[in-house]
1. Is it the case that some residue within segment 265-274 is part of a loop (DSSP other than H, G, I, E, B) and on the phi > 0 side of the Ramachandran plot?
2. Among the residues of segment 129-168, how many are in a loop (DSSP other than H, G, I, E, B), out of contact with any Ser or Thr (no Cβ under 8 Å at 6 or more places or on another chain), among the basic types (Lys, Arg) and surrounded by 14 or more Cβ atoms within 10 Å (Cβ to Cβ)?
3. When you check ALA18 against the structure, is it at pLDDT 95 or above, over 22 Å from GLU112 (Cα atoms) and of a type outside the set (D, E, K, R), yes or no?
4. Taking GLY310 as meeting all but one of (1) touching a Cys at 6+ places or on another chain (Cβ under 9 Å); (2) at pLDDT below 95, write down the number of the exception.
5. Return the residues of segment 229-262 that are within 29 Å of LEU163 (Cα to Cα) and buried (at least 17 other Cβ atoms within 10 Å of the Cβ); say none if nothing qualifies.
6. For the list (1) surrounded by fewer than 17 Cβ atoms within 10 Å (Cβ to Cβ); (2) over 24 Å from the mean Cα position of the chain (by Cα); (3) more than 30 Å from ALA282 (Cα to Cα), I need the number of the one condition that ASP469 fails.
7. If you check LYS3 against the conditions, is it within 20 Å of GLU92 (Cα to Cα) and outside any helix (DSSP H, G or I)?
8. Could you grab me the full set of residues in segment 181-214 that are part of a loop (DSSP other than H, G, I, E, B) and acidic (Asp, Glu)?
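The values are calculated or read from the model by the stated rules, or taken from the named source; none is laboratory data. Because the structure is a prediction, the values reported are computed rather than measured. Please note: Cβ atoms are built from the backbone with ideal geometry, for glycine as well, and neighbour counts cover all protein chains shown.
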Amino acid sequence: MAKITGFMDYPRCEVEKAPVGERIKHFKEFERPLAEELLHQQAARCMDCGVPHCHTFGCPLHNRIPDWNDLVYRDQWKLALQILSTTDNFPEFTGRVCPAPCEAACTLNLQESPVLIRHIELQIIEKGWKEGWIKPQKAGHMSGKSVAVVGSGPAGLAAAQQLSRRGHKVTVFERDEAIGGLLRYGIPDFKLEKWVIDRRLQQMREEGVTFETGVHAGSDISLKYMKRIFDAIVLATGATVPRDLDIPGRDLKGIHVAMPFLTQQNDRCNGVKIPAKKAISAKDKQVIVIGGGDTGSDCVGTARRQGAGGIVQIELLPKPPEFRHSNNPWPTWPNILRTSSSQEEGCQRYWSLKTKSFIGKAGRVTGIHAVKVNPVYEDGRLNGFKEIPNSGIEIKADLILLATGFLHTEPCRLIRDARIDTNNRGDIAVNNGNMTSHSGIFAAGDCVSGASLVVNALHQGRQTAEAVDRYLHRL
């Protein structure tokens, strides 16, 4: 594969980012692409490892990573694009926002120096767009069947594109005013500029996909009508119900769940004016972000760009180790300390801290009261937290953002009317073919799995499209 000694000849080269002082002045993407000569060298590091765990274990989409690494090394970019596109509908999305479990599973990660897979993937697809190699892939013949896809996040878009390419007439219904779901409204522009989404949507329109925005499926159009018009329905409604903190002081002004804060900024970047009474801004404020995951990190980066006076990020879990523990072996995802690009831009981080109450004055939040905690394990699994006596602290804040995760999909009218079964978490229950308890209605993505990675949503969208296609052929 590639250059047989490449992993010895070339060190891993990290992607350059714009300096912090420069990039926090705007919401544009700030990673700087590597030159092609360096990309050839990085692709050459892909070794003949025998069992490529990068795509058999690490990548949910099973991208044929060693194959396109070899082709990039040999300067056969168009063929690399063809192979990449057989497994990933939207490499421009995964190449920007995926945490790269493929790199964690790379054999070279035994020495903590994996192949630069994510960035090579991104440059393959961007070269394809630049060179005009990416064309609409229209079906050779039409099946005469129609499918409704409810939700236009990564799972819904992947399912829609796959089904359209199989010759089915596909209509995507989105309750928001623009297509993209989490990609458009949840991920900040500095990680994914929205023209990237619009470029792909134009291809899908030319392939025959119809997009209907501002439509609440089940309310604006009834289940009975949809069942009469469409031969199958795919629910890809995401996991949108946030996990809140039901603690004293929650009713104080200045406390918000993360998504409205992030969505407002994405709207601003798109030229939408936010009414002053509804605006959430971190400008000149002391900000606390509760939650140490990706959403929390996005809040940190957004608050920094809005001109926050200071940012504190709180995590309930203990601080991760710098290196793998023996019970976290390769090629599993390494549970180690990471610092995101947003955290690099400036925030104070706390671990093992539980928020007990919000503090306020005259109806507005002024801070939090928190205590330190230790994790409690039972049979090797986390089973809660124990408060440490006399460890209480207070942290001042003018704005508090709750990035504490998501519970389940929203129990919309369509799900209720169809009497679709859910599991004990509130997610939609499906069988092995991704069909719900209502015949002809399928589900994919976070509404089934709970909040997860974009790459997992794409995988489920593709799997569901296969199941729907088989179902339609049996009608």
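1. Within segment 265-274 (the criterion being part of a loop (DSSP other than H, G, I, E, B) and on the phi > 0 side of the Ramachandran plot), the answer is yes, since at least one residue qualifies.
2. Residues in segment 129-168 being in a loop (DSSP other than H, G, I, E, B), out of contact with any Ser or Thr (no Cβ under 8 Å at 6 or more places or on another chain), among the basic types (Lys, Arg) and surrounded by 14 or more Cβ atoms within 10 Å (Cβ to Cβ): 1 in total.
3. Against the criterion (at pLDDT 95 or above, over 22 Å from GLU112 (Cα atoms) and of a type outside the set (D, E, K, R)), ALA18 qualifies.
4. It is condition (2) that GLY310 fails.
5. PHE230, ASP231, ALA232, ILE233, VAL234, LEU235, ALA236, THR237, GLY238, ALA239, THR240
6. All conditions pass for ASP469, except number (1).
7. For LYS3, the condition - within 20 Å of GLU92 (Cα to Cα) and outside any helix (DSSP H, G or I) - is not met.
8. Answer for segment 181-214, where residues must be part of a loop (DSSP other than H, G, I, E, B) and acidic (Asp, Glu): ASP189, GLU193.
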